[in-house]
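K.L.:
Before I ask anything, let me first share the structure, which is written out below as structure tokens.
The values are calculated or read from the model by the stated rules, or taken from the named source; none is laboratory data. Keep in mind that this is a model prediction, so the values were computed, not measured. Neighbour counts are summed over all protein chains in view; Cβ atoms, including those assigned to glycine, are modelled from backbone coordinates with ideal geometry. The accessibility values were calculated without ligands, DNA or RNA, using every heavy atom of the protein model including side chains. Shrake-Rupley method; radii C 1.70, N 1.55, O 1.52, S 1.80 Å.
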Amino acid sequence: AMELYQRGLLSKEDSEGLELNWGNYSAVLELIRKIAFREGFGNLLADGVRIMAQKIGKGAEDYAIHVKGLEFSAVDARISRAYGLAFAVNPRGGDHLHTNIMCQFGGTPEMVDIAIRMSENSSGANPMVAEGKPKMVKYHEMLVTLADSLGLCFFHTCSCYRVDLDAILEMFNAATGFNLSKQELQDAAERILSLERAINIREGLTRQDDCLPRRMLKEKLPSGGVSIEFPRKQFESMLEEYYELHGWNGKTGFPETETLNKLRLEDVAKELSKYSA
């Protein structure tokens, strides 16, 4: 709202007299109240930036930072190839709670080692390097999925990396009396991720929804005297690789029938065959 106000797409009349200038904290506090009670101008903001931008029109969509209608967590995709891809493919939208990839920023020798191992690339801890990042995203998705399924705090798995796949396997088998192998544990995570994908497809989402906001792919980010960009061609290449790593069709993002059958999701494969890519 403040950016649209600054750019002249919202007027003082639209905001009901609130001066939405950057830094005007009193206006922010009043907007929070208006949003909570869906009062006047606050009602426009209450449904999130996607719907708000659609209702305003006049090019407001260009400034709505979201994926699938969910606003970004506080990472600019232009300075992080892994987060950019992770936000785009997140089944619910642009947040870090589905795939948190802290190791790509390095920070400690241990983090660098983890990034290199997960990405299978010597530049894994360089967030601006695209190579290897789809593998990193897929691995972190698996860790977070397992953490969510088992009631673990995912920060232990994907922020401080103190609970890895081996630890999860040992704890699960000890607690349940099962004797799952590491591959069976990974398959369980893949089963969940492919099922989430299939549900979204059933509800009408396509590859076009696995995207980043226009600003992330069209505007350069001034930083430290240089301009940083995330080329669309590079993003599309990463997206295709990511799909294929999951056993999904590289062009459409649809889980392959063979993949679903392997994961014992034959009923899902049958249902998904009703939908066109």
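K.L.:
Out of the residues in the range 224-277 that are of a type in the set (D, E, K, R) and in contact (Cβ under 8 Å) with a residue 12 or more places away in the chain, which is nearest to ARG197 (Cα to Cα)?
P.N.:
GLU271
K.L.:
Yes or no: GLY253 at pLDDT 95 or above, of a type in the set (Gly, Ala, Ser), out of contact with any Phe, Trp or Tyr (no Cβ under 7 Å at 6 or more places or on another chain) and over 26 Å from GLN54 (Cα atoms)?
P.N.:
No: the conditions fail for GLY253.
K.L.:
Quick check: anything in the range 230-245 over 30 Å from ASP62 (Cβ atoms) and of a type in the set (A, V, I, L, M)?
P.N.:
Yes: one or more hits.
K.L.:
For the range 25-43, which positions are open to solvent by 40 Å² or more (accessible area, probe 1.4 Å) and either polar (S, T, N, Q) or touching a residue at least 12 places away in the same chain (Cβ under 8 Å) (or both)? Break it down stepwise before answering.
P.N.:
In the first step, residues of the range 25-43 are kept if they are open to solvent by 40 Å² or more (accessible area, probe 1.4 Å); the result is 25-26, 28-30, 32-33, 35-40, 43.
Hits for the range 25-43 are SER26, GLU30, GLY40, ASN43.
K.L.:
Would you say LEU20 is under 24 Å from ARG214 (Cβ atoms), modelled with pLDDT of 95 or more and surrounded by 14 or more Cβ atoms within 10 Å (Cβ to Cβ)?
P.N.:
yes
K.L.:
Suppose the filter is exposed (fewer than 13 other Cβ atoms within 10 Å of the Cβ) and of a type in the set (Asp, Glu); does ASP187 pass it?
P.N.:
The answer is no for ASP187.
K.L.:
Please give the helices (runs of 4 or more DSSP H) falling wholly within the range 105-159 in which 2 or more residues are closer than 18 Å to ARG191 by Cα.
P.N.:
The qualifying helices (runs of 4 or more DSSP H) are 133-150.
K.L.:
Being open to solvent by 30 Å² or more (accessible area, probe 1.4 Å) and in contact with a helix residue (DSSP H, G or I) (Cβ under 8 Å, 6 or more places away or on another chain) is true for just one of LYS182, LYS133. Which residue is that? I'd like the intermediate steps shown before the answer.
P.N.:
Values: LYS133 fails: open to solvent by 30 Å² or more (accessible area, probe 1.4 Å).
The match here is LYS182.
K.L.:
Open to solvent by 70 Å² or more (accessible area, probe 1.4 Å) and either of a type outside the set (Lys, Arg) or out of contact with any Gly (no Cβ under 9 Å at 6 or more places or on another chain) (or both), is that true of PRO109?
P.N.:
yes
K.L.:
Further question on the same structure: Could you please find all residues in the range 234-264 being assigned to a helix (DSSP H, G or I), closer than 15 Å to PRO134 by Cβ and hydrophobic (A, V, I, L, M, F, W, C)? Let's see the steps before the verdict.
P.N.:
Step one: of the range 234-264, the residues assigned to a helix (DSSP H, G or I) are 234-246, 257-262.
Of the ones still in play, those that are also closer than 15 Å to PRO134 by Cβ are 234-246.
Residues satisfying the conditions are PHE235, MET238, LEU239, LEU245.
K.L.:
If I ask for residues that are small (Gly, Ala, Ser) and over 15 Å from ASN200 (Cα atoms), which ones from the range 222-277 would you list?
P.N.:
The answer is SER223, GLY224, GLY225, SER227, SER237, GLY247, GLY250.
K.L.:
Related question: Would you please name the residue that is nearest to PRO127 (Cα to Cα), looking only at residues in the range 196-233 that are β-branched (Val, Ile, Thr) and in a strand (DSSP E or B)?
P.N.:
Per the stated criteria, the residue is ILE228.
K.L.:
Given the residues ALA115, ALA64, ALA77, ALA167, which is the only one that is under 17 Å from LEU239 (Cα atoms) and either open to solvent by 30 Å² or more (accessible area, probe 1.4 Å) or of a type in the set (Gly, Ala, Ser) (or both)?
P.N.:
Values: ALA115 fails: under 17 Å from LEU239 (Cα atoms); ALA64 fails: under 17 Å from LEU239 (Cα atoms); ALA167 fails: under 17 Å from LEU239 (Cα atoms).
So the residue among ALA115, ALA64, ALA77, ALA167 that is under 17 Å from LEU239 (Cα atoms) and either open to solvent by 30 Å² or more (accessible area, probe 1.4 Å) or of a type in the set (Gly, Ala, Ser) (or both) is ALA77.
K.L.:
Taking only pairs six or more apart or across chains, which ones have beta-carbon atoms under 6 Å, a first residue in the range 4-16 that is within 15 Å of LYS34 (Cβ to Cβ), and a second residue that is in a loop (DSSP other than H, G, I, E, B)?
P.N.:
Final answer for the pair search is TYR5/LEU20; GLU16/GLY40.
K.L.:
Now for a separate question. Test each condition in (1) part of a helix (DSSP H, G or I); (2) farther than 29 Å from VAL112 by Cβ for PHE178 and report the one that comes out false.
P.N.:
Among (1) part of a helix (DSSP H, G or I); (2) farther than 29 Å from VAL112 by Cβ, the lone unmet condition for PHE178 is (1).
K.L.:
Based on what the data block shows, is ILE228 among the β-branched types (Val, Ile, Thr) and at pLDDT 95 or above?
P.N.:
So ILE228 does not fit the description; no.
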